[in-house]
1. Of the conditions (1) touching a residue at least 24 places away in the same chain (Cβ under 8 Å); (2) in contact with a Phe, Trp or Tyr (Cβ under 9 Å, 6 or more places away or on another chain); (3) among the β-branched types (Val, Ile, Thr), THR52 fails just one. Which one is it?
2. Does THR91 satisfy the condition of being open to solvent by 20 Å² or more (accessible area, probe 1.4 Å) and of a type in the set (Val, Ile, Thr)?
3. Test each condition in (1) within 22 Å of PRO41 (Cβ to Cβ); (2) within 13 Å of the chain's Cα centre (by Cα) for THR109 and report the one that comes out false.
4. Go through region 59-74 and report how many residues are surrounded by fewer than 18 Cβ atoms within 10 Å (Cβ to Cβ) and either at pLDDT 90 or above or closer than 17 Å to LYS106 by Cα (or both).
5. What number of residues within region 24-46 satisfy the criterion of being among the hydrophobic types (A, V, I, L, M, F, W, C) and open to solvent by 50 Å² or more (accessible area, probe 1.4 Å)?
6. Which condition number does ARG27 fail, the rest of (1) farther than 19 Å from LYS106 by Cβ; (2) in contact (Cβ under 8 Å) with a residue 40 or more places away in the chain; (3) in contact with a strand residue (DSSP E or B) (Cβ under 6 Å, 6 or more places away or on another chain) being met?
7. Do you know which residues across region 3-22 are open to solvent by 50 Å² or more (accessible area, probe 1.4 Å) and over 14 Å from MET83 (Cα atoms)?
Amino acid sequence: QVQLVESGGGLVQAGGSLRLSCAASGRTFSSNVMGWFRQAPGKEREFVAFITWSGGVTYNRDSVAGRFTISRDNAKNTVYLQMSSLKPEDTAVYYCAARKYQLGSKDRTEYDYWGQGTQVTVSS
């Protein structure tokens, strides 16, 4: 089992920045693929980014590439999502997720563990 706890969400004006953190506990963290997803009201949960155990990253190019950066600190069992140039359409609940396997995925159904989510609201 892996337990995930997100933090760092809040209210920010358009153009601003936030950094989300996801602290993991339980089974070995460093070997897991870690992902960030988000869900806006009335919409499906959407892939944002993932990072492999070795630091390889993939982003949702259509929505966040160039503005968001995912990183991880295996010594602290923590993954981060630095969000910059935020837009009102980035408003959503952001979820951290962990995958048992070392191969990354953009498919939310392929992640095994989820955090409770943290709200990000971007005002115009």
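1. (2)
2. It is true that THR91 is open to solvent by 20 Å² or more (accessible area, probe 1.4 Å) and of a type in the set (Val, Ile, Thr).
3. With (1) within 22 Å of PRO41 (Cβ to Cβ); (2) within 13 Å of the chain's Cα centre (by Cα) applied to THR109, the lone miss is (2).
4. Adding up the residues that qualify gives 10.
5. Final tally of qualifying residues: 0.
6. Just one mismatch for ARG27, condition (2).
7. GLN3, VAL5
The values are calculated or read from the model by the stated rules, or taken from the named source; none is laboratory data. None of these values were measured; they are calculated from a predicted model. For neighbour counting, all protein chains shown are included, and Cβ atoms are generated from backbone atoms with ideal geometry for every residue, glycine included. The accessibility values were calculated without ligands, DNA or RNA, using every heavy atom of the protein model including side chains. Shrake-Rupley method; radii C 1.70, N 1.55, O 1.52, S 1.80 Å.
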